[in-house]
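The values are calculated or read from the model by the stated rules, or taken from the named source; none is laboratory data. Remember, predicted model here, so these are calculated numbers, not experimental data. Here the Cβ is made from the backbone with ideal geometry for all residues, glycine too, and neighbour counts use every protein chain on show. Surface accessibility is based on the protein's heavy atoms, side chains included, excluding ligands, DNA and RNA. Shrake-Rupley method; radii C 1.70, N 1.55, O 1.52, S 1.80 Å.
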Amino acid sequence: MAVGCMKLDHMVFEDKDEDLFHVLNLMNEIDCKYWISNGTLLALIRDGKPFSWDHDIDICVPKSEFNYNIAEQIDISMNRTGFKKTHENPDTVQYTKSMGKKIDLNLVQKVFSKDGECTLAQTWRFLHHGESFIKKCIVFVLANFITTDPYKMPRQFLYVLFKLGIYKIMAYENTEISIGNCKKINYFDVECPVPEDVDLFLSELYGKNWRIPEKRKYWFSFAKEKAFDHFDKI
């Protein structure tokens, strides 16, 4: 069912994803702004159901609202239904459940360009070796003897990896107007917050032809490579 041009108020979903249904219920219990994003949003709006091959659920939360109390409430709610926190850094919190999907809470922050323009960005920092044999060897050594978590590496060492093209900083960016105050659609009788201008939001992430399925090698082929001010003072 193609629903890309459908009015959101009249969307009818084909299949119920139990993990998504439960997570929406849990998040709705918490006084925290959030919205469905990335591949999860694309699937619901374009296909009317989650992708059958997708292994995670993408949720965005403004980093400014993700304080200790909110984080604790989410932990308690997730744990109550069998989801355990398996990864956490300043940009992302991840929960997993046995025989279930991963839940990715992407913490969105404001990013200002040099001309003062503001966008809201979901950021990921990771090591990527591409097809280079030398880079694969470096990442192999790091993975087996040190760490591949950029947040646990010395800043000067990260700078070297950044210059070698191994350390990547990627971001999905959206204008504030596309997210707006968010609106809600009904997912099997549970409210599901989505960006206010869904068409614009998905166009900013995946391009103007987001309604047309397209094969990509990597998720970050849609994202922008960023440096921010990470190494300005080195």
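Accessible surface of Glu88 in the full protein assembly, 1.4 angstrom probe, to the nearest 10 Å²?
100
In square nanometres, what is one fourth of the surface area of the convex hull spanned by the alpha carbons of region 160-217?
Details: hull surface 26.0 nm².
Its average projected convex-hull area is 6.5 nm².
Starting from 0.36 nm per residue, how many nanometres of slack lie between Val190 and Thr92 once their C-alpha separation is accounted for? Mind showing how you got there, number by number?
Working: separation 98, 0.36 × 98 = 35.28 nm, distance 2.46 nm.
Taking 0.36 nm per residue and subtracting the Cα distance, the gain is 32.8 nm.
Give me the number: length gained by fully extending Glu214 to Lys152, i.e. 0.36 nm times residue separation minus the C-alpha to C-alpha distance, one decimal in nm.
18.8 nm
From the alpha carbon gyration tensor of region 1-146, can you work out the equivalent ellipsoid semi-axes (sqrt of 5 times each eigenvalue) and give them in Å, largest to smallest? Mind dumping the intermediate values first?
Details: eigenvalues 155, 83, 82 Å².
Ellipsoid half-lengths, sorted descending, are 28, 20, 20 Å.
Tell me, in nm to one decimal, what length is gained between Val12 and Asp56 on full extension, where the rule is 0.36 nm per residue of separation less the Cα-Cα distance? Walk me through the intermediate numbers first.
Details: separation 44, 0.36 × 44 = 15.84 nm, distance 2.17 nm.
Taking Val12 through Asp56 to full extension adds about 13.7 nm, to one decimal.
Regarding region 109-234, what whole-number volume in Å³ per residue does the convex hull of its Cα atoms give?
Details: hull volume 20.8 nm³, N = 126.
Dividing the Cα hull volume of region 109-234 by its residue count gives 165 Å³.
How far apart, in nm, are two points set 7 Å out from the Cα along the Cα-to-Cβ line at Glu117 and at Glu131?
My value for the distance between the label points is 3.2 nm.
Heavy atoms only, 1.4 Å probe, whole protein assembly: order Ser37, Ser52, Ser132 by accessible area, highest first.
Ser52, Ser132, Ser37
Got a sec? What order do Trp35, Trp219 fall in by accessible area at 1.4 Å, biggest, i.e. largest, first? Let's see the in-between values first.
Values: Trp35 5, Trp219 110 Å².
So the residues, ranked largest to smallest area, are Trp219, Trp35.
Just by accessible area at a 1.4 angstrom probe, what is the order of Arg125, Arg211, Arg46 from largest to smallest? Mind showing how you got there, number by number?
Details: Arg125 50, Arg211 90, Arg46 30 Å².
The residues order as Arg211, Arg125, Arg46, largest area first.
Using θ = phi - 60° and the Karplus form 6.51 cos²θ - 1.76 cosθ + 1.60, what ³J(HN,Hα) does each residue of region 90-97 get, whole Hz, x for Gly and Pro?
Calculated HN-Hα couplings, in order: x, 10, 8, 10, 10, 10, 10, 9 Hz.
Go through 194-202, 76-84 and give me the packing order, highest mean Cβ count within 10 Å leading.
Order by mean packing, descending: 194-202, 76-84.
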